[in-house]
Amino acid sequence: MVRLLLLTICFTISLISCNPKKTSVPLVPNPPAPFTLKEVPFIPKPLSVKCDSGSFALTGSTKLYTTKPNIELQAILKYLTNEINGKTGMNISNDTKDEQDLRTSIHLKIHKDTILNSPEAYEIKITKDSLQISANKPEGIFRGIQTLLQIIPQGTDSTGQNRPKEILLPLGTVKDVPFFSWRGTMLDVARHFFTVEEVKQYIRVLAAYKINRLHLHLTDDQGWRIAINAYPKLTELGGKTEVGGTPGGYYSQANYKELVTFAAKHYITIIPEVDMPGHTNAASFAYPFLDGTGKSIRSYTGMKVGFSTFDTRKDTVYSFIENVIAEIARMTPGPYFHIGGDESHVTKKDDYRFFVRKVEKLVNKHGKKMIGWDEIANAALDTGSIAQFWNNAENAKKATEKGMKVILSPGKKAYLDMKYNSKSAHGLTWAGYIPTDTAYNWQPETYADIPVESILGIEAPLWSETISNLKELEFLAFPRIIGYAELGWTHPTQRNWEDYRKRLAKHATYLNRKNINYYRSPLIDWEN
Ligand code: TNX
């Protein structure tokens, strides 16, 4: 009897254990995978991971399919097929005709589940002959796919050699739900321009870490990067300058739409920003009636801030702003429009408040929610608007007292353009150095005493005064953005620097494979 009990206990332990050694004598008639689900260095770390023994064989004849013909899921399926084939060197197809002779199948399924009660929540269940990703919404399936892609090991070397016939995946279940709904980054394409291809390349990698917002800082003193049909000179003049005097560039409306669509396919919402009433030298250079400084306007390619302003008391300025908002809003499927509002040092306080309130109405009139940097909380705003905390905790407090939601982008913790240390080849230092551990080791949910109910999530801005191409962008963004992705997604009780740095070390394989110029922080024992 005691023996039987002991046997049962051993059996149970080996079933729930994630240690592959204990399953070396398989309890089910299929071989163990070379690793368990718990050993996968997931980033962001999921809510729960449960292991079962045995394996799922991913082979060239594994089929992928979705329950119902659904255009959105078909597109996701195609994405997954391409990603698996690219990663493994296999040639899996998503043709579902000969379902009968399948050995294994991958199934994407929408279902109602109150436990996974978030559009981004998902569950992955891997059994001997099927791998199922289920979620309430396609968005959740897409996030789950990123987790699955972290489970599937790299199958080929960079020369395409060593194509495997079969990859054994461990069995078990991952259940996951994000802590914050806003997990973003901002790219300043105004100080230096980044091409459509460069931004797409960045988006591909952001999606892999479940980032869901990309805020584009489209205008500033040094340039105007989005074509506006009603005001062609904005880009004719403002598209030709940038910091340092190099030629700059701009997005045509077709380019912008292409970016928005590409981001949407990666379940990333684009937030367009037109910064005003300050940071407007490029606009006033193109259309001098906008200027409120009374000085003669020249094009500007330096790095100072706070010297420009719109004239906040002229009706013509507001018609200009409304036309710009209307054109951009029409091309932007996401619900947000960012008006900047930072560092308007030469705008009188009353004029600033008057301006922000008026522009808020225009943004709302064109169907969008207004977002602005934390200074906007000084105006009498609607509770539906959102403040982005970058510098001033008092402003963030004012915003929450008004009932507004807050996005956390504190300069000292979340600025991707701060140098890692004194030796960093790129970056600024006004908010201090931000090494890889400082970027990860803070608690957004308790930061600056902002009530957690008021926090939408976090966003890491990348200002581009000191970077002008993708390689330089990648140097400042990676690996810190990966840590921000985890801060936004993973439940606070599941986050831990020591554990994170070990997982991050293993992401070198992915980052190298993608040819990303990440900073090889000495705090991480990179495994590749
Ligand atoms: C402050 S953050 C700015 C930007 C600069 C950045 C450089 C914010 C709202 N304004 O204009 O590019 O610092 O780190």
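The values are calculated or read from the model by the stated rules, or taken from the named source; none is laboratory data. Given the structure is predicted, the values throughout are model-derived calculations rather than measurements. When we count neighbours, we look across all protein chains shown, and the Cβ atoms used for this are built from the backbone with ideal geometry, even at glycine. Remember, those area values only see protein heavy atoms, side chains included, never the ligands or the DNA or RNA. Shrake-Rupley method; radii C 1.70, N 1.55, O 1.52, S 1.80 Å.
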Index of the failed condition, residue 328 passing every other in (1) within 16 Å of the ligand (Cβ to nearest atom); (2) on the phi < 0 side of the Ramachandran plot
(1)
Test residue 344 against the criterion of being within 16 Å of the ligand (Cβ to nearest atom) and of a type in the set (Ser, Thr, Tyr), and give yes or no.
yes
Look at segment 504-527 and say how many of its residues are assigned to a helix (DSSP H, G or I), basic (Lys, Arg) and touching a helix residue (DSSP H, G or I) at 6+ places or on another chain (Cβ under 9 Å).
1
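Yes or no, residue by residue, for (1) under 30 Å from residue 428 (Cα atoms); (2) among the acidic types (Asp, Glu):
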{"site": "259", "(1), (2)": "yes, no"}
{"site": "265", "(1), (2)": "no, no"}
{"site": "282", "(1), (2)": "yes, no"}
{"site": "292", "(1), (2)": "yes, no"}
{"site": "299", "(1), (2)": "yes, no"}
{"site": "311", "(1), (2)": "no, yes"}
{"site": "315", "(1), (2)": "no, yes"}
Any residue in segment 244-256 that's on the phi > 0 side of the Ramachandran plot: show its pairings with residues that are in a loop (DSSP other than H, G, I, E, B) and of a type in the set (A, V, I, L, M, F, W, C) at Cβ separation under 6 Å, as long as the two are six or more apart or on different chains.
248/193; 249/193
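Considering only segment 139-158, state which residues are at pLDDT 95 or above and either open to solvent by 10 Å² or more (accessible area, probe 1.4 Å) or in contact with a Leu (Cβ under 8 Å, 6 or more places away or on another chain) (or both).
In the first step, residues of segment 139-158 are kept if they are at pLDDT 95 or above; the result is 139-152.
Of everything in segment 139-158, those that are at pLDDT 95 or above and either open to solvent by 10 Å² or more (accessible area, probe 1.4 Å) or in contact with a Leu (Cβ under 8 Å, 6 or more places away or on another chain) (or both) turn out to be 139, 140, 141, 145, 148, 149, 150, 151, 152.
Being in contact with a Ser or Thr (Cβ under 6 Å, 6 or more places away or on another chain) and open to solvent by less than 10 Å² (accessible area, probe 1.4 Å) is the filter; apply it to segment 179-210 and report the residue that is farthest from residue 346 (Cα to Cα). If you could, list the steps in order and put the result at the bottom.
Let us first name the residues in segment 179-210 that are in contact with a Ser or Thr (Cβ under 6 Å, 6 or more places away or on another chain), namely 188, 190-192.
This time we only want the ones that are open to solvent by less than 10 Å² (accessible area, probe 1.4 Å), so: 188, 190-191.
On the way: 188: 22, 190: 20, 191: 20 Å.
Here the answer is 188.
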List the number of the failed condition for residue 490; all other conditions in (1) of a type in the set (Val, Ile, Thr); (2) in contact with a helix residue (DSSP H, G or I) (Cβ under 6 Å, 6 or more places away or on another chain); (3) crowded, with 23+ Cβ neighbours inside 10 Å hold.
(2)
If you check every pair at least six apart or on different chains, which have Cβ atoms under 8 Å apart with a residue in segment 301-322 that is on the phi > 0 side of the Ramachandran plot first and a residue that is modelled with pLDDT of 95 or more and of a type in the set (S, T, N, Q) second?
306/344
Can you name the number of the only condition in (1) open to solvent by less than 10 Å² (accessible area, probe 1.4 Å); (2) without any contact (Cβ under 8 Å) to a residue 60 or more places away in the chain that residue 339 fails?
(2)
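Go through segment 409-452 and count every residue that is more than 21 Å from the chain's Cα centre (by Cα) and more than 19 Å from residue 519 (Cβ to Cβ). Quick ask: steps written out before the conclusion?
Here is the first cut: in segment 409-452, the residues more than 21 Å from the chain's Cα centre (by Cα) are 421-426, 428-433, 446, 448-451.
Adding the requirement that they be more than 19 Å from residue 519 (Cβ to Cβ) leaves 430, 446, 448-451.
Matching residues across segment 409-452 total 6.
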If you go through segment 460-478 one residue at a time, how many are crowded, with 23+ Cβ neighbours inside 10 Å, away from the ligand (no atom under 12 Å from the Cβ) and more than 16 Å from the chain's Cα centre (by Cα)?
0
Would a scan of segment 477-484 turn up a residue that is closer than 11 Å to residue 45 by Cβ and out of contact with any strand residue (DSSP E or B) (no Cβ under 8 Å at 6 or more places or on another chain)?
no
(1) among the small types (Gly, Ala, Ser); (2) open to solvent by less than 20 Å² (accessible area, probe 1.4 Å); (3) under 28 Å from the mean Cα position of the chain (by Cα) all hold for residue 286 apart from (3)
Can you find a residue that is among the β-branched types (Val, Ile, Thr) and open to solvent by 10 Å² or more (accessible area, probe 1.4 Å) anywhere in segment 386-398?
no
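May I ask you to list the residues in segment 37-57 that are more than 25 Å from residue 211 (Cβ to Cβ) and buried (at least 18 other Cβ atoms within 10 Å of the Cβ)? Spell out how you get there, then give the answer.
First pass over segment 37-57, keeping only residues more than 25 Å from residue 211 (Cβ to Cβ): 50-57.
Hits for segment 37-57 are 51, 52, 53, 54, 55, 56, 57.
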For a quick check of your reading of the model, give me the residue pairs whose first member lies in segment 73-84 and is closer than 21 Å to residue 111 by Cα, whose second is of a type in the set (Lys, Arg), with beta-carbon atoms closer than 8 Å and at least 6 apart or on different chains.
75/265; 79/265
